[in-house]
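Asker: One structure coming up, written as structure tokens, with questions to follow.
The values are calculated or read from the model by the stated rules, or taken from the named source; none is laboratory data. Just so we're clear, the structure is a prediction, and the values are computed from it rather than from any experiment. Note: ideal-geometry Cβ built from the backbone for every residue, glycine included; neighbour counts use all protein chains shown.
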Amino acid sequence: MGSVQNGSSHGDLGFLHHESFLMPDLTETSLAINGLLFAGGALLVWLAGTKLSQYVDLFADRTGLGKAFAGALLLGGATSLPELATTVTAASSGAAELAGTNLLGGVVMQIAVLALVDAFVLRGRPLTLFSPQSSLLMVGVMLIGLVALASAAVTSQELFSVAGIGFWPVALFAAYVFSVWVIYRYEGDPRWEPRGEVAQPPESARDLKDAHEQSFQKTSTAMLVGYFSMASLVVLVGGVTVAKTGEAIAEQSGLGQGIVGATLVAFATSLPEVSTTYSAVRFGAYSMAAANILGTNSMEIALFLPAELAYRDGPIFDAMPNSAAFLAALGIVVTSLYLWGILERRDKTILGMGVDSFAVLVVYACGLLVYWTL
């Protein structure tokens, strides 16, 4: 996979022996126990993520905040906590490669999440057929630009740094803030709307949503905020657990931090997005489901800044191998495939999912095989 600045590679992951105030060193614990801890952390992330979507939905209804804004601000921020925890924990331990591949691998993984939801939840008709929102295209275009900048950072490495903070992480964070501003402006005044079949199908589980609202009818809004905070904390704890056990599994299994970051850790930290996207599709909020994934992926790129602040062995992009740029390229390809699906809005399916979803899964599987060999 190539060496990193601190001298660790596939065969020598010395960063795992750094002490961390978040969790004790797990490299002396057996692989089986670390596997159980990893699964337990992933389960916490999944369960808390499901609750988060319910609390945000109720909060938006009661306050009139707006589903899209609440989803982007509250749900997007909370579901990004595992990525933040994993990135900061790994970077502070010296695991720059794991931190970076978790972020770039998470972009690819979460687009694949949309494909899996399409295949197993909304069978028979493509998910992108029911997403007639031009703003989704703007979100996707901004995401492609951000991932392309991250790829440039990986291949060029750091240009210069000030007070130990490199140019690229700051530039990526500033680009993310700019993209949010562009999307906010465009969503409020779209320049064009799609033609053709724009009507969405009936909400598939309105009775479930009504039952959920009924069960929380006597719960105050202040209590909802408290529940949301508790669920966010659980997501954070689960994310830290996944990060530390993922590092240990990388060393003990011999797989290496690159492939573990791009697969196991990226999957576990994507579980909140899986649960919230699943819930959104079941409630018939198809555009919100897609926007949640695309918006969260944009935030992934912005998290290179806290990773830079946590990594103290030099600029983080100097410590990442060029092969990480391949993950960024995969992210651009799979995002482009979904934008293609949103633009065409065809109702053709393969194996019960849209053609675009099928293409995403094929590219994702083949891409990981290629990445394994790099």
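Asker: Among (1) modelled with pLDDT of 90 or more; (2) more than 23 Å from residue 183 (Cα to Cα); (3) hydrophobic (A, V, I, L, M, F, W, C), where does residue 271 come up short?
Answerer: Residue 271 satisfies all of (1) modelled with pLDDT of 90 or more; (2) more than 23 Å from residue 183 (Cα to Cα); (3) hydrophobic (A, V, I, L, M, F, W, C) except (1).
Asker: Okay, next question. Kindly indicate the residue of the range 302-348 that is more than 15 Å from residue 127 (Cα to Cα) and of a type in the set (D, E, K, R) and also surrounded by the fewest Cβ atoms within 10 Å (Cβ to Cβ) among those meeting that condition.
Answerer: For the range 302-348, the residue satisfying everything is 312.
Asker: Could I ask something else about it? Given (1) farther than 25 Å from residue 374 by Cβ; (2) buried (at least 22 other Cβ atoms within 10 Å of the Cβ), identify the lone condition not met by residue 120.
Answerer: Answer for residue 120: the failing condition is (2).
Asker: Continuing with the same structure: Scanning the range 179-205 for residues that are part of a helix (DSSP H, G or I) and surrounded by fewer than 12 Cβ atoms within 10 Å (Cβ to Cβ), which turns out modelled with the highest pLDDT?
Answerer: Among those that are part of a helix (DSSP H, G or I) and surrounded by fewer than 12 Cβ atoms within 10 Å (Cβ to Cβ), it is 181.
Asker: Going through the range 59-103 one residue at a time, which ones are in contact with a helix residue (DSSP H, G or I) (Cβ under 6 Å, 6 or more places away or on another chain), among the aliphatic types (A, V, I, L, M) and at pLDDT 80 or above?
Answerer: If the condition is that a residue be in contact with a helix residue (DSSP H, G or I) (Cβ under 6 Å, 6 or more places away or on another chain), among the aliphatic types (A, V, I, L, M) and at pLDDT 80 or above, then 88, 91, 95, 96, 99, 103 are the ones that fit.
Asker: Would you be able to tell me the number of residues in the range 90-132 that are β-branched (Val, Ile, Thr), farther than 20 Å from residue 150 by Cβ and part of a helix (DSSP H, G or I)?
Answerer: 2
Asker: Next question. Is one or more of the residues making up the range 169-178 closer than 27 Å to residue 278 by Cα, surrounded by 13 or more Cβ atoms within 10 Å (Cβ to Cβ) and either modelled with pLDDT of 80 or more or of a type in the set (A, V, I, L, M) (or both)?
Answerer: yes
Asker: Consider residue 16 against the criteria (1) under 23 Å from residue 320 (Cβ atoms); (2) modelled with pLDDT of 70 or more; (3) aliphatic (A, V, I, L, M): it satisfies all of them except one. Which criterion is unmet?
Answerer: Tallying (1) under 23 Å from residue 320 (Cβ atoms); (2) modelled with pLDDT of 70 or more; (3) aliphatic (A, V, I, L, M), residue 16 fails exactly one: (2).
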